[in-house]
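Before I ask anything, let me first share the structure, which is written out below as structure tokens.
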Amino acid sequence: MTVELRQIIGDEPQQVILGHSGEEPQGTDQTVAWNGCEAIVRSNEVFTSREVAELFVSYYDTGDAPASCTRRRLDRAEGANAA
């Protein structure tokens, strides 16, 4: 799974993809597919369902992703694409 977060920073909306902190991307990019869509992400941006659940709970409790997550800003062209 992959996790994207949309937020307003200053007056500008931004979309970021979360990653595991302290992990450098290894090997090739990964494809995460769902419901006819797909996203190409770096290896450190792939999460298990348990990790995603923990991120969701943290976001629900604090209104933000944990500071321990890396954030990579996505350009509109990099977002989810139809498969």
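Of everything in the range 15-41, what is without any contact (Cβ under 8 Å) to a residue 60 or more places away in the chain, of a type outside the set (Asp, Glu) and open to solvent by less than 70 Å² (accessible area, probe 1.4 Å)? Give them in sequence order.
So in the range 15-41, the residues without any contact (Cβ under 8 Å) to a residue 60 or more places away in the chain come out as 16-41.
Then drop every residue that is not of a type outside the set (Asp, Glu), which leaves 16-22, 25-28, 30-37, 39-41.
Val16, Ile17, Leu18, Gly19, His20, Ser21, Pro25, Val32, Gly36, Cys37, Ala39, Val41 - these are the residues of the range 15-41 that are without any contact (Cβ under 8 Å) to a residue 60 or more places away in the chain, of a type outside the set (Asp, Glu) and open to solvent by less than 70 Å² (accessible area, probe 1.4 Å).
Applying the selection to the range 15-30, what residues are under 11 Å from Arg71 (Cα atoms) and either part of a loop (DSSP other than H, G, I, E, B) or in contact with a Leu (Cβ under 8 Å, 6 or more places away or on another chain) (or both)? Write out each step before concluding.
From the range 15-30, those under 11 Å from Arg71 (Cα atoms) are 15-21; that's our starting set.
Selection gives Gln15, Val16, Ile17, Leu18, His20, Ser21.
The values are calculated or read from the model by the stated rules, or taken from the named source; none is laboratory data. Keep in mind that what you see is a predicted model, and the values were worked out from it rather than measured. Neighbour counts are summed over all protein chains in view; Cβ atoms, including those assigned to glycine, are modelled from backbone coordinates with ideal geometry. Only protein heavy atoms, including side chains, enter the accessible area calculation; ligands, DNA and RNA are left aside. Shrake-Rupley method; radii C 1.70, N 1.55, O 1.52, S 1.80 Å.
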